[in-house]
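What follows is one structure encoded as structure tokens, with my remarks underneath.
Only the coordinates and a few stated rules stand behind these numbers; no lab work does. Remember, predicted model here, so these are calculated numbers, not experimental data. With ideal geometry, Cβ positions are generated from the backbone for all residues, glycine too; neighbour counts draw on all protein chains shown.
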Amino acid sequence: MANQIFFVVGHSGWGKSRTLKALTLGNHHARWLSIGARRFSVRRASNDREPERWAEMIAQLEPSECSHLILALCPAAADVAQLIRLRARYELYFWVMRRSYGDNRTVADDEIRLLRALGTVEVFAPRQEQGIRAAAFERFIAIHP
């Protein structure tokens, strides 16, 4: 089985953490989640909220210790070189929340193009509440074994 990282992608305040909380059935302390035969480490710290902590975590990731992860990512704050280094060790999957939940802001087309150059991308366009977002994200994970 390939080493994989699945990212919930959106800008600051768009509900990445709430989506992950809903994915773990409302438990914001859950650090592990099973989807199918895979067990994922769930890390909610995003690169836009805690950039230093996020960068340290990314640098320390080792597939032999953790082969499947779920992470939050803000494309505007993404360090492309860091993601390229990560891609050498993991297959990268980006589930993009295209629209802000609360207003009309969107993830830019050039940000999505960059993510497509790094891995597999699915764009989730509707403005939906966290439970629906979490179910759609889980389906995205499930179809990429």
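The table that follows gives values for the structure above.
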item: Residues being surrounded by fewer than 18 Cβ atoms within 10 Å (Cβ to Cβ) and outside any helix (DSSP H, G or I) - total across segment 107-121; result: 2
item: Verdict on residue 124 being within 14 Å of residue 15 (Cα to Cα), buried (at least 18 other Cβ atoms within 10 Å of the Cβ), out of contact with any Pro (no Cβ under 6 Å at 6 or more places or on another chain) and free of Cβ contacts under 8 Å to residues at least 40 places away in the same chain; result: yes
item: Segment 122-145: number of residues that are closer than 29 Å to residue 62 by Cα, assigned to a helix (DSSP H, G or I) and not charged (D, E, K, R); result: 7
item: Of the criteria (1) closer than 24 Å to residue 123 by Cα; (2) of a type outside the set (Gly, Ala, Ser); (3) not in a loop (DSSP other than H, G, I, E, B), which one residue 52 fails; result: (1)
item: Subset of segment 8-53 that is among the hydroxyl-bearing types (Ser, Thr, Tyr), in contact (Cβ under 8 Å) with a residue 40 or more places away in the chain and within 15 Å of residue 95 (Cβ to Cβ) - its residue that is surrounded by the most Cβ atoms within 10 Å (Cβ to Cβ); result: 19
item: Count - residues of segment 93-145 that are farther than 28 Å from residue 67 by Cβ and either in contact with a Lys or Arg (Cβ under 8 Å, 6 or more places away or on another chain) or small (Gly, Ala, Ser) (or both); result: 10
item: Members of segment 41-57 found to be of a type in the set (Asp, Glu) and within 14 Å of the chain's Cα centre (by Cα), listed by number; result: 48
